[in-house]
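Working notes, structure below.
Nothing in this text is a laboratory measurement; each read-out follows from the coordinates by a stated rule. All figures in this text were calculated on a predicted structure; none of them were measured in a lab. Cβ sites come from the backbone with ideal geometry, for glycine too, and all protein chains shown count toward neighbours.
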Amino acid sequence: MIPFVDLKTQYLSIKEEIDRAVAGILETSQFVLGKEVAGFEQEFAAFCGGGEGIGVNSGTSALHLALLAAGVGPGDEVITTPFTFVATVAAICYTGATPVYVDIDPVSYNLDPARLEQAITPKTKALLPVHLYGQPVDMDPILEIARRRRIVVIEDAAQAHGAEYKGHRTGSLADMACFSFYPGKNLGAYGEGGAVVTANPEYAKTIRMLRNWGESTRYHHDLRGFNYRMEGFQGAILRVKLRHLEGWTEARRANAALYAERLKDSGIVTPQEMSYARHVYHVYAIRVRDREATIQALTAAGVQTGIHYPIPVHLQKAYRDARYGPGSFPIAERVAKEVLSLPMYPELQRAQIDQVSEAVRNQVTA
Ligand SMILES: Cc1ncc(COP(=O)(O)O)c(C=O)c1O
């Protein structure tokens with residue numbers, strides 16, 4: 001059996017450090033926020049290239065608070081991609097704003113900047129590009145359009161810890177960036193977690209207040225906030241794991257290179273690292289014509305797979321909008337039918353990659 005992700009093997013490789021960090025929280029009993037969370041916030045922001053980090057209880061909360069800090073609310077529009085995890089769009093809806101979509105680039109699968117300008121209206125308050133699968137969006141044209149029109153840009157970097165755009169890390173590319181530390185992410189907590197990273201002290205201050213009931217000082221609620229605080233355990237665990245992240249990212253990149261080599265000349269579309277990008281391969285998605293048959297063949301060979309994501313958000317029942325329907329975003333809709341995610345994690349062995357690749361090749365050429 002080759003699992004889709006393998007969190008246990010990674011834990012065992014750093015067990016002593018993790019167990020010590022967990023014991024430390026039990027000792028200090030700083031179960032919510034506290035010193036370890038503050039330490040992680042600083043270290044993670046430094047990892048991203050500067051600014052401040054604000055730890056929260058999920059990537060979705062990070063997105064919600066970043067949008068609120070940008071002043072997004074009812075009557076506003078926020079532009080994003082239809083080819084993302086539903087959380088990106090849910091967070092926009094939490095603020096009362098309306099999501100507006102732009103179709104994707106067929107190679108990077110990220111929001112296509114060439115289509116952005118035509119989606120902008122006087123109501124556009126923010127742009128929310130998603131670094132899907134761990135590959136950064138082509139940010140320069142997006143930032144150029146946003147600056148001209150004074151629109152806030154927020155990175156959804158939930159899948160892209162340590163990814164780079166023209167040598168700069170995600171988290172430092174726009175006004176704010178939102179990360180998820182869901183356990184399976186490249187930097188994963190042992191529970192839920194998220195963070196906003198920003199170089200803007202005003203946004204940081206607002207987000208710090210909003211995550212903790214809008215308090216300015218104890219029991220003074222200046223804003224209508226939330227209980228979105230990060231737990232002490234997660235801060236302590238993430239501090240340990242952050243020290244290993246670069247090594248894990250390099251292992252993911254090596255695994256991706258091996259997959260590409262093994263699947264070469266098979267007619268399968270493998271992920272392409274864009275010239276401006278350092279891809280961190282949170283997801284390794286290939287494209288196949290007969291996805292169902294490929295899944296079945298892989299399952300028979302003992303290989304677990306995933307689909308990220310089978311239905312673009314504009315076609316999800318809960319997010320239907322009269323302006324959109326089947327055919328509105330043809331590239332996203334086609335890609336959603338063809339993508340198939342193969343096992344990808346730092347601990348994946350060469351022999352396992354060979355086995356997965358062989359099973360894919362056999363099916364495609366059968
Ligand atoms: C692109 C994207 N945005 C947002 C999220 C939400 O993060 P979380 O699950 O931590 O709330 C996720 C992951 O789940 C994601 O993949």
Any idea how far the Cα center of the stretch 90-117 sits from the one of the stretch 225-273, in Å?
23
Computed from every Cα-Cα pair in the stretch 22-178, P(r) in 10 Å bins starting at 0 and rounded to whole percents is 11, 39, 33, 12, 4, 0
Counting only C-alpha contacts under 8 Å and six or more residues apart, can you give the relative contact order of the stretch 277-366 as a whole percent?
44
Of Lys125/Lys241; Lys166/Lys317; Lys8/Lys264; Lys35/Lys205, those spanning more than 27 Å from alpha-carbon to alpha-carbon
Lys125/Lys241; Lys166/Lys317; Lys8/Lys264
Work through the residues other than Gly225 whose Cβ is under 14 Å from its Cβ and net out their charges, Lys, Arg +1 and Asp, Glu -1.
+4
Provide the net charge surrounding Gly24, with neighbours chosen by a C-beta distance below 12 Å and charges set as Lys +1, Arg +1, Asp -1, Glu -1.
-1
Net charge over other residues, Cβ less than 12 angstrom from the Cβ of Val288 (K, R count +1; D, E count -1)
+2
Ignoring everything except DSSP H segments at least 4 long, calculate the 222 nm mean residue ellipticity for the chain; use -39,500 (n - 2.57) per segment, divide by total residues, nearest 500.
-12000 deg cm²/dmol
Per principal axis, largest first, the Cα atoms of the stretch 206-267 extend in Å by 63, 29, 14
Could you tell me, in Å, what Rg and Dmax come out for the Cα atoms of the chain?
20.4, 68
So for the chain, averaging the separation of alpha carbon pairs under 8 Å that are six or more residues apart and normalising by length, what relative contact order in percent results?
22
Name the shape class, rounded, prolate or oblate, that the alpha-carbon gyration tensor gives for the stretch 1-107, where a ≥ b ≥ c are the square roots of its eigenvalues, rounded holds for a/c under 1.5, and otherwise prolate holds if a/b is larger than b/c and oblate otherwise.
oblate
